[in-house]
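This report refers to the structure that appears directly beneath it.
The values are calculated or read from the model by the stated rules, or taken from the named source; none is laboratory data. What you are looking at is a predicted structure, and each value in this text was computed from that prediction instead of being measured. Counting neighbours? That spans all protein chains shown, and the Cβs are built from the backbone with ideal geometry, glycine included. Only protein heavy atoms, including side chains, enter the accessible area calculation; ligands, DNA and RNA are left aside. Shrake-Rupley method; radii C 1.70, N 1.55, O 1.52, S 1.80 Å.
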Amino acid sequence: MQDKDGQQDSGTPMSPRVGSLPIIKIPRRPADMPENGAAGETGESPDPGSATPPTAKQPVGKNGHPKRPGTKPKAKPAIPGKPVAKEAKPVPFGTAPLPAPKGQQRTNAAARRMLRKLVQGEAPPTAPMSIVERLAGSPYANPMIQAAGVDTSARLTLDFALDLAETMFRYGAGALEVETSIIAVTAAFGLREIDVDITNQSVLINYAKADTVPLTLMRVVRSWTNNYAGLSLVHQLVTDIVNGGVGRTEAKERLQEIAARPKPFAKWMAIGAGGVFAGSIVAFLGGGIFASLVAMLSTVLMGLLGRKLGKWRVPDFFVTAIGSCLATAVALLFWQLQVPLSPSLVIAGGILYLLPTGRLVSATQDAINGFPVTAAGRFLSAFLTFAAIASGVAVGLVGGELVGVSLPEVFVNGEGEYPYVVRALLLMIATMAICITEQTKLSMLVPTALVGLVALLLYDLVLMAGIGERIGPALAAVVIGFLGRIVGLRMGSPQLVVAVPAILFLLPGLSVFRGTYDLTVNVDDPFVGVLNLFGALTVILAISGGTVLGDNLAQPFTRDMGSNEGRRRNRRR
């Protein structure tokens, strides 16, 4: 190989020439010529961390210091017999490396994606969820946006949403239904950057668009009333808004009309329907004609007395306690007058009328759907009502014992069960009667009664199969919740309007009376009464949970009902 001067160097190994650097020919003295090949002659690139490359006039060492004259670098001892690896041809300076084959690139990309999925997951776990995604599975999924852009008058939209939420709460809607209605309405009117917080008595909405001043409004609900017809109208209003057929001004006017509209049934009709319910349910449980008449009378008296106490602003706890005490006293009075009836069935009919079925179902639904504060408040209210019923019955029993009523004989059996067709007819009458007391619209009476009839058939089949008296009500409640959602949305009403009246015949009113009796009168073994009351409460909670489960099971079958679920012409833009 020729050196830089063009002379042949036989002691230097073959090395490629660095063609990209300029060749500077400087005459060298023989003492300065390296023996074993310097770094510059081998073609190897210098160490990046080293100093400036040495010149030919003053050679330097590896550490950057100048060499002493006459010194020679020590050659590395050769290892005999060791195979020498083939030296790779280096890439010229300033050129890019050759690209990898396309197949290898695709393999590497797929491997990186797989590794990223294993380590990171499909989406970051802390990524915020859009508020509109809360509508998934509700009757208001995929709302149609009516505004061309974001609504400039956000305060008017939020005020309307609060009015809507307050109306729904007053009429007995659950927290999930209220939240989905607020989100659907605000999204349809152009507001997406909102947060909703719902408790037992208050609704808070926060609107915080980027680069604007946040707007927070709160509304407190201080009164409740039975108006399932109004709740159905509100549900239909929200459906029309989501479908894009109603603007904000028209929606506000319709909501005001719903709030001002009188209930479908007069107060005297609601009180009379409560008596019909008690008489029919007592006959359904096996009571005779006299037991049904006495239950009807006591329930009508409870309704009249409760209306009077309500005008005096008496708390609901005492109104319920006085009503259950009145029902017990009337049953014991007629029993003392030698009227052929079963006092326990008469009292059970009054208990079923007073039980807070709607609050229990709503509380269970709120607890399952992620509203613990609202559920806790409603459960507390329902348990206080349950305690008021038990305390009223206890006071009535103690009062009857003081006046000489033979309490151990109150558990007289009825006159026997009626034929199955008669029982089914009695159940339908009782269900339609309780619908009237709840102020359900007229078109919903017969469908609700038919849902209760189907649940009765399943309940009797479960009992015939020997599954158990505690599992049977829960399974029947699942059927009621399932059919209640389908029938309700088909008729333009929420599931609660159908489910609550239909499950009343499943509630253990007689067990509540027996537990209260054992706890109050049977002082020798009060633990039996505690167990009976606990068992009755367990059955009530199982019925409420079964109703909520049926509602969730029916969601895949109701995407084309009630609102714009599944309606592709109204897809969100």
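Descriptive notes on the structure:
- Segment residue 155-residue 552, extension gain: residue separation times 0.36 nm, minus the distance between their alpha carbons: 139.5 nm
- Solvent exposure of segment 157-211, expressed per residue, is 27 Å² of accessible area, with all protein chains present and a 1.4 angstrom probe.
- Descending by average beta-carbon neighbour count within 10 Å, the peptides 345-355, 286-296 line up as 345-355, 286-296, the highest first.
- Length added when fully stretched, residue 465-residue 421, from 0.36 nm per residue minus Cα-Cα: 13.8 nm
- Of 318, 169, the order by accessible heavy-atom surface (1.4 Å probe, DNA, RNA and ligands excluded), from most exposed downward, is 318, 169.
- Peptides 191-203, 357-369, 249-261 ordered by packing proxy, namely the average of other Cβ atoms within 10 Å per residue, highest first: 357-369, 191-203, 249-261.
- Element breakdown for segment 152-260 at a 1.4 angstrom probe: carbon and sulfur atoms account for 49% of the accessible area.
- Legend: residues 402, 510, 309, sorted from most to least accessible area (1.4 Å probe; ligands, DNA and RNA excluded), read 402, 510, 309.
- With every protein chain in place, segment 499-540: carbon and sulfur % of accessible area (1.4 Å): 65 percent
- Using a probe of 1.4 angstrom and keeping all protein chains present, the accessible surface of segment 267-570 works out to 42 square angstrom per residue.
- FRET efficiency, residue 222 to residue 250 (Cβ-Cβ, R0 41 Å, nearest 0.05): 0.90
- Between residue 193 and residue 308, the contour length at 0.36 nm per residue exceeds the alpha carbon distance by 36.7 nm.
- Annotation: amide H of residue 202 within the under-5 Å range of 221, sequence separation 5 or more or interchain, hydrogens built in the peptide plane.
- Efficiency of FRET between residue 531 and residue 257 - r from beta-carbon atoms, R0 41 angstrom, step 0.05: 0.20
- When 551, 525 are compared by accessible surface with a 1.4 Å probe, the order from highest to lowest is 525, 551.
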